[in-house]
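The values are calculated or read from the model by the stated rules, or taken from the named source; none is laboratory data. All values reported here derive from a predicted model rather than from experimental measurement. Cβ atoms come from the backbone with ideal geometry, glycine included; neighbour counts cover every protein chain shown. Protein only, heavy atoms only, side chains kept; ligands, DNA and RNA dropped before computing areas. Shrake-Rupley method; radii C 1.70, N 1.55, O 1.52, S 1.80 Å.
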Amino acid sequence: MRGLEKQFGAPFLNYGNNLMRLTEKPERLRSLLRIVIPGALLAYAAPSRAADITLGIIGPHEYDLPVDFKPFNVLVQYGDGNAAGNTYNSVGQREARGGSHTWSGLTKYVHFRSFDAIPHVGFAFEVIQGESYVLANGTNYGGLGPTIIGPAAWFKPNAHSTFGFQTFMQTPVGTRDATSPNYWSNISSFIFDYEWKHFSFDGDAGTVVGSTKHVKGQNSYFPGVVFYSNLRFSWKATQKIEPFLAFDWQNVTGTFDNTANRYVDNSNSREIAMGPGVMFNISKHVSFTARYSHSVEGRNTPETNAYYMKFVYLW
């Protein structure tokens, strides 16, 4: 949701009665341009790829969302590149091995609407298509990853805050084996946002739970449960430019080998990554966000040394 960066102002916001209402012409779209609900970047490619912290793609105002508005649509393109030259071992030490260069993208369409029968609550439904390209160990490959679909709902405890829930299903296949997780998964999280005059703070906290992985001729596995949180603190420097600081955390429990009846060695992992970014409110309908992130701490995972971008168009 990324603050409609995830706040993409859809048609315009009226603050009467302390409730945000979208009417027919765009206004106050600056905050609305943050309204896009982000999908998850999950590690569905080969093990050599860099780690992707779930929903690490979100930006400031991701969950700064309106209620009581007319329906509108958003198209978002996310992208990230990661040059992972090091890997964290099982005791958290960085080792110069296991690196790769990865490029990932998410193309997302979101439909936002509210219902007269359910006042003061906003809803969204999105369809997200993942893309990836990996360069590692002298080989390179790419393709489309799984498709992610699901709804979100939220309300505003007061005129300055938002709280809600989102849940998505990720399909088990992509266009090739290397981009296919081969199991269904659910990505769910609580979302929040709080706006001050010159600052904003928003984020999420949730889990990813997968079904059993079955591949012909291989052992059966139950993937580890993912716990994650993404926080964004921004400074509203001008109407057009908003610098921010990002904090991402993820912890993954061990993968269980159902065939061997034991956990896979060193299959549990964790990572903390931080970095600065800036959001550009180009117009009432368009925004662009860029960010850099690097691992602070990790275990059993390639380090993050990544850049992120997000382009949003609202109509």
Excluding ligands, DNA and RNA, the carbon-plus-sulfur percentage of the accessible area of segment 189-273 with a 1.4 Å probe reads 62 percent
Any of K284/K310; K240/K284; K70/K240; K108/K156; K156/K197; K240/K310 with alpha carbons more than 19 Å apart? Name them for me. K70/K240; K108/K156
Packing-based order for 80-92, 273-285, using average beta carbon neighbours within 10 Å, highest first: 273-285, 80-92
Collect residues whose amide H, placed 1.01 Å from N in the peptide plane, falls under 5 Å from the amide H of Y263; neighbours closer than 5 in sequence don't count. D257
How much net charge surrounds V252 when only the other residues with a Cβ under 12 Å from the Cβ of V252 are counted, with Lys and Arg +1 and Asp and Glu -1? 0
Roughly how many nanometres apart are two label points built 7 Å out from the Cα toward the Cβ at V286 and W235? 2.8 nm
Would you pull out the residues with amide H under 5 Å of D64's amide H, same chain only if 5 or more places away, H placed 1.01 Å from N? G3, L4, E5, K6
Here segment 112-125 yields Karplus 3J(HN,Hα) values (6.51, -1.76, 1.60; θ = phi - 60°; whole Hz; Gly and Pro given as x) of 9, 7, 10, 10, 4, 6, 10, x, 6, 10, x, 9, 8, 9
Whole-Hz ³J(HN,Hα) from phi, Karplus 6.51 cos²θ - 1.76 cosθ + 1.60, for segment 64-75, glycine and proline x: 7, 10, x, 10, 6, 10, 7, x, 8, 10, 9, 10
Given a 1.4 Å probe, the accessible area of segment 133-221 per residue, as a whole number of Å², is 50 Å²
Distant-in-sequence amide H partners of Y221 (H built 1.01 Å from N, under 5 Å): K213, N258
What ³J(HN,Hα) values, in whole Hz, does the Karplus curve 6.51 cos²θ - 1.76 cosθ + 1.60 give for segment 187-194 when θ = phi - 60°, with x put for Gly and Pro? 10, 10, 7, 8, 10, 8, 7, 9
